[in-house]
Amino acid sequence: MKKFPKKIFPKVSFIGSGNIGGTCAHLMAMKNIADIVLFDIVKGLPQGKALDIAAAISIEGGEVSITGTNTYSDISDSDVIIITAGLTRTIKDNNAKPPLDRAELLSKNAKIIKKVAENIKKYSPNAFVIVITNPLDAMTWLFQKLSGLNRQMVVGMAGGLDSSRFCYFLGKELGVSPKNIHSFIIGEHGNNMVPLIRFSKVNDVPLDEFLNGRNNREEIINNVIKKTREAGGEIIKLMRASAYFAPAAAALDIALSYLQDKNKTILCSTLLNGEYDVHNLCVGVPVVIGSSGVKQIEELNLQNNEKEAFQKSIESIQTLTTTLKKIIL
Ligand code: A3D
């Protein structure tokens, strides 16, 4: 029988093989598009997840490979790296404490990102890197600075997730499929996120127009924004673990746009150097992701009230980034 050479797949590595890392690796493996490496500092965890996912690949008839490791050199020459290493805001002791604020994670996760950046710089300096570790915008900035990777090769996953939550809640409220809703959430991933209602559409109709004539218009919008802002904390309260299915799906969306040169516009945290009048900060804005990473940063023409909310968001990111400069750089 004629033998065909084994297909060569791109390589995707996950730094952190916990809930998001493991779930995203599974989603990616089922697409049969990349060989996968799961890395973690916990011995056995990435190896066990890799073994489990390998059997799932086999059921699907997939050809990709998956490896679990505690050795950084195994991530060498990755095409994409997804960073989920770090602590979450999870409630530790049975509801006794409220969830940790994203800002409280800053110094602990910064130390982890420092180590991760050193190793990615050493073993995979040409990878496209997606940061998920919180506080997201500050960690994306820190990773970009410490790794020295080109700014177009580093993004933070956040706006895509926030927007998908907005679409879900609005869809439920209006009885419309979320896939027919477009929303833009820019700025910080956190309480100061900026939902841009003027840019939101339902069935291609501007949201304002769609809701025209409803006397509870404000109530609907405020309710959806509130639910979107609180979704992360609500999930922690309910299941005592940070969200991971939707964050994993949102990270996969970014990785696929890069690997398959889809040129999709996705809301990501990216290093701004003058765009939106912001300098040297990572902030969530719409970007076009394709085979060279961030191909374009889309600059929306913001109105005064939107600019004000965006500025508040920027100040919050700036505060965390300034703290980082003091403790890490
Ligand atoms: P979890 O399931 O705890 O997984 C984190 C993994 O990181 C664990 O397996 C740890 O062992 C591992 N880890 C810790 N330190 C290191 C290190 N130095 N090197 C390699 N691995 C390490 O958490 P998770 O997957 O649910 O969340 C991961 C991160 O994503 C956290 O910081 C969350 O706060 C964040 N998160 C972000 C979003 C966004 O939308 C941006 C959403 C949900 C969670």
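The values are calculated or read from the model by the stated rules, or taken from the named source; none is laboratory data. Model, not experiment: these values are computed from the prediction. Heads up, the Cβs are rebuilt from the backbone with ideal geometry, glycines too, and the neighbour counts pull from every protein chain shown. Remember, those area values only see protein heavy atoms, side chains included, never the ligands or the DNA or RNA. Shrake-Rupley method; radii C 1.70, N 1.55, O 1.52, S 1.80 Å.
In segment 105-223, how many lysine pairs have Cα atoms under 14 Å apart, counting only pairs 8 or more places apart or on different chains? It would help to have the intermediate numbers written out before the result.
Numbers: Lys111/Lys145; Lys114/Lys122; Lys114/Lys145; Lys115/Lys145; Lys121/Lys145; Lys179/Lys201.
Going through segment 105-223 pair by pair, I get 6.
At a probe size of 1.4 Å, how large is the accessible area of Tyr123, to the nearest 10 Å²?
Its heavy atoms expose roughly 60 Å² to the probe.
Could you derive backbone 3J(HN,Hα) for segment 238-246 from the dihedral phi with the Karplus parameters 6.51, -1.76 and 1.60 (θ = phi - 60°), listing whole Hz in sequence and x where the residue is Gly or Pro?
Those phi angles translate into 6, 10, 6, 8, 5, 4, 9, 5, 5 Hz.
Put +1 on the Cβ of each Lys and Arg and -1 on the Cβ of each Asp and Glu in the chain; which of Ile15, Ser163, Ala248 then has its Cα farthest toward the positive end of the dipole?
Value computed over the given set: Ile15.
For Arg214 and Met30, calculate 0.36 nm times their separation in residues minus their Cα-Cα distance, and state this gained length in nm to one decimal.
61.9 nm
Give me the distance in nm between label points sitting 7 Å out from Cα along the Cα-to-Cβ direction at Lys179 and Lys325, one decimal.
Label-label distance for Lys179 and Lys325, simple model: 4.6 nm.
Taking a ≥ b ≥ c as the square roots of the Cα gyration tensor eigenvalues, with a/c under 1.5 meaning rounded and otherwise prolate when a/b beats b/c, else oblate, which class fits segment 102-243?
Prolate is the answer for segment 102-243, as a/c is 1.5 or above and a/b outweighs b/c.
If you put +1 on each Lys and Arg Cβ and -1 on each Asp and Glu Cβ, how big is the dipole of the chain around its Cα centre, in Debye rounded to 20?
For the chain, the charge dipole is close to 840 debye.
How far is helix 45-60 tilted, in degrees, relative to the longest principal axis of the Cα atoms in the chain, given as a value from 0 to 90 rounded to the nearest 10?
Taking Cα atoms only, the helix is inclined about 90 degrees.
Label segment 187-329 by shape, choosing from rounded, prolate and oblate, from the square roots a ≥ b ≥ c of the eigenvalues of the Cα gyration tensor; if a/c is under 1.5 it is rounded, and otherwise prolate applies when a/b is larger than b/c, oblate when it is not.
On the way: a/c = 1.30, a/b = 1.25, b/c = 1.05.
Here segment 187-329 falls in the rounded category.
What does the accessible area per residue of the chain come to in Å², with a 1.4 Å probe and no ligands, DNA or RNA counted?
48 Å²
Which one of Asp204, Asp261, Asp79 has the biggest mean-square fluctuation once the chain is modelled by GNM with Cα springs under 10 Å?
Residue with maximal mean-square fluctuation among Asp204, Asp261, Asp79: Asp204.
Please work out the FRET efficiency for the pair Ala55 and Gln303, using the Cβ-Cβ distance as r and a Förster radius of 45 Å; give the result to the nearest 0.05.
The calculated FRET efficiency here is 0.25.
Once phi is turned into θ = phi - 60°, what whole-Hz ³J(HN,Hα) does the Karplus curve with 6.51, -1.76 and 1.60 give for every residue of segment 72-81, x standing for Gly and Pro?
Taking θ as phi minus 60°, the curve returns 4, 5, 5, 8, 3, 6, 6, 7, 9, 10 Hz for segment 72-81.
Given R₀ = 25 Å, FRET efficiency for Arg151-Lys226 by Cβ-Cβ distance, to 0.05?
So, using R0 = 25 Å, E works out to roughly 0.15.
I'd like the Karplus ³J(HN,Hα) series for segment 188-201: coefficients 6.51, -1.76, 1.60, θ = phi - 60°, whole numbers in Hz, and an x wherever there's a Gly or Pro.
Karplus values, whole Hz, x for Gly and Pro: 6, 7, x, 4, 8, 4, 10, x, 9, 5, 4, 9, 7, 9.
Percent of accessible area on the chain owned by carbon and sulfur, 1.4 Å probe?
51 percent
Principal axis lengths of segment 1-96 from Cα atoms, whole Å, largest first?
If we take the Cα atoms of segment 1-96, the spans are 65, 28, 20 Å.
If exposed means no more than 13 neighbouring beta carbons inside 10 Å and the site is in a DSSP loop, what's the longest run of the chain without any exposed trypsin sites (Lys or Arg not before Pro)?
93-213
How long is the gain from Asn70 to Leu238 if the chain were fully straight, where each residue apart is worth 0.36 nm and the alpha carbon distance is subtracted? Write down the numbers at each step before the final one.
Values: separation 168, 0.36 × 168 = 60.48 nm, distance 3.17 nm.
Taking Asn70 through Leu238 to full extension adds about 57.3 nm, to one decimal.
What list of whole percents do you get for P(r) of the chain, with Cα-Cα distances grouped in 10 Å bins up to the one holding the largest distance?
Reading upward from the zero bin: 6, 26, 34, 23, 9, 2, 0, 0.
With labels modelled as points extended 7 Å from the Cα through the Cβ direction, what inter-label distance (nm, one decimal) is found for Lys121 paired with Asn191?
3.4 nm
Which number do you get for Rg(Cα) / (2.2 N^0.38 Å) in segment 1-50?
1.35
Taking the radius of gyration and the Kirkwood hydrodynamic radius from Cα positions alone, what is the Rg/Rh ratio for segment 127-174, to two decimal places? Write out the running numbers ahead of the final one.
On the way: Rg = 14.0 Å, Rh = 12.0 Å.
Rg/Rh: 1.17.
So if I take the alpha carbon set of segment 161-271, get Rg, then get Rh from the Kirkwood formula, what is the Rg over Rh ratio?
Numbers: Rg = 14.7 Å, Rh = 15.0 Å.
Across segment 161-271, the Cα-based Rg/Rh ratio is 0.98.
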